[in-house]
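Peer 1: Shown below is the structure under consideration.
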Amino acid sequence: MTPPTPPVLRFDGVSFAYGGGSGPPVLRELSFALGAGERVALLGRNGAGKSTVARLITGLLYPGAGTVWVGDWDSRGRRPEELARRVGSVFQHADQQLFARTVREDVAFGPRALGHDAADCDRRTAHALDLLELAALADEHPYDLPPPFRKLAALAGALALEPLVLVLDEPTAGLDRGLQGRVARALDERAARGTTLLVITHDLGFAAETLDRALVLDAGRLARDEPLHQWLVAPGRLAPLGFVPPPLVELSLALALPGTPVRAAAVADALAARCREP
């Protein structure tokens, strides 16, 4: 029998409070584990602790109690630049992550800082730019781009690290449908290659199309850990946390489509089958 693959990311009883531990608890005995290639939505109300989880994974914060494991690394005591060998991240205000003179230089900075040779840096940079369809903008200054394209440039920088874990905070905020599609395709490609995705989002339509598992925080505790589809089609679970089902989910529920599909292609197929019924 093949032994189980160890988790890529694991929280073991993690608690955290700001103010050196003197503030009110933000996370309370949080435990979960993510495997290679998993596509996970981290959900909850504002203030539930989602961004704190992201900062703990990237080494910007350390647990007050419990342990954050990135592979076999205990994050405590590891600097963010060390964890960048395994974790790529884009925070909600992506502008803060851009600083180079061109988009290409910005995307290449991470691999170069991690010591990859010039040929590998060029390969990683070109691939990340291609994934997000940014090659035509590679020689532009990041701050000459509209804000949505700056967000894509920051994401390209994280993709170029080719990390074990990719942590994204509201990656589709401010993006139109076309740019959201670029993000979705890039994430699909990375997950297929084994990168674990942890995506903080209020965009349940994007989550339904792109992600598979829901971790739901409520007041710093893990309220639910279940397949995202299962969570989305139970409105009674969404409403207490301030969420409403995305339109396609509402349509699927209202028409009682078989299997209650939540992704556009599956809903379209179910509607077509319904129309063919005698």
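Peer 1: Among Arg123, Arg86, Arg182, which is open to solvent by 20 Å² or more (accessible area, probe 1.4 Å), within 23 Å of Gly37 (Cα to Cα) and in contact with a strand residue (DSSP E or B) (Cβ under 6 Å, 6 or more places away or on another chain)?
Peer 2: Exactly one of Arg123, Arg86, Arg182 is open to solvent by 20 Å² or more (accessible area, probe 1.4 Å), within 23 Å of Gly37 (Cα to Cα) and in contact with a strand residue (DSSP E or B) (Cβ under 6 Å, 6 or more places away or on another chain), namely Arg86.
Peer 1: List pairs: first residue in the range 137-153 and over 9 Å from Ala94 (Cα atoms), second residue hydroxyl-bearing (Ser, Thr, Tyr) anywhere in the structure, Cβ distance under 6 angstrom, at least six positions apart or on different chains.
Peer 2: From residues that are over 9 Å from Ala94 (Cα atoms), the pairs are Asp139/Thr102.
Peer 1: Here is a follow-up. Quick check on this structure: which one of Ala191, Ala173, Ala186, Ala208 is within 30 Å of Arg237 (Cβ to Cβ), under 15 Å from the mean Cα position of the chain (by Cα) and modelled with pLDDT under 95?
Peer 2: Values: Ala191 fails: modelled with pLDDT under 95; Ala186 fails: modelled with pLDDT under 95; Ala208 fails: modelled with pLDDT under 95.
So the residue among Ala191, Ala173, Ala186, Ala208 that is within 30 Å of Arg237 (Cβ to Cβ), under 15 Å from the mean Cα position of the chain (by Cα) and modelled with pLDDT under 95 is Ala173.
Peer 1: Can you work out which of the residues in the range 15-32 that are without any contact (Cβ under 8 Å) to a residue 40 or more places away in the chain and open to solvent by 40 Å² or more (accessible area, probe 1.4 Å) is farthest from Tyr62 (Cα to Cα)?
Peer 2: Here the residue is Pro24.
Peer 1: Here is a further query. For Gly242, indicate whether it is of a type in the set (Gly, Ala, Ser), surrounded by 14 or more Cβ atoms within 10 Å (Cβ to Cβ) and within 22 Å of Arg45 (Cα to Cα).
Peer 2: No: the conditions fail for Gly242.
Peer 1: Which pairs do you get when a residue that is under 29 Å from Gly23 (Cβ atoms), found in the range 211-240, comes within reach of a residue that is open to solvent by 60 Å² or more (accessible area, probe 1.4 Å) and acidic (Asp, Glu), reach meaning Cβ atoms under 7 angstrom, with the pair 6+ apart or on two chains?
Peer 2: The qualifying pairs are Leu215/Asp225.
Peer 1: Let me ask something additional. Could you check the range 59-115 and list, in sequence order, the residues that are charged (D, E, K, R), in a loop (DSSP other than H, G, I, E, B) and within 26 Å of Pro7 (Cβ to Cβ)? Steps first, answer last, please.
Peer 2: Step one: filter the range 59-115 for residues charged (D, E, K, R), giving 72, 74, 76, 78-79, 81-82, 85-86, 95, 101, 104-106, 112.
Of the ones still in play, those that are also in a loop (DSSP other than H, G, I, E, B) are 72, 76, 78-79, 85-86, 101.
Across the range 59-115, the qualifying residues are Asp72, Arg76, Arg78, Arg79, Arg85, Arg86.
Peer 1: Check whether at least one residue in the range 18-29 is closer than 19 Å to Val216 by Cβ and in a helix (DSSP H, G or I), and report yes or no.
Peer 2: No, the conditions are met nowhere in the range 18-29.
The values are calculated or read from the model by the stated rules, or taken from the named source; none is laboratory data. These numbers come from a predicted model, not from an experiment. No Cβ is skipped: glycine too gets one built from the backbone with ideal geometry, and neighbour counts run over all protein chains shown. The protein model used for the area step is the full one, side chains on, heavy atoms only, and it has no ligands, DNA or RNA in it. Shrake-Rupley method; radii C 1.70, N 1.55, O 1.52, S 1.80 Å.
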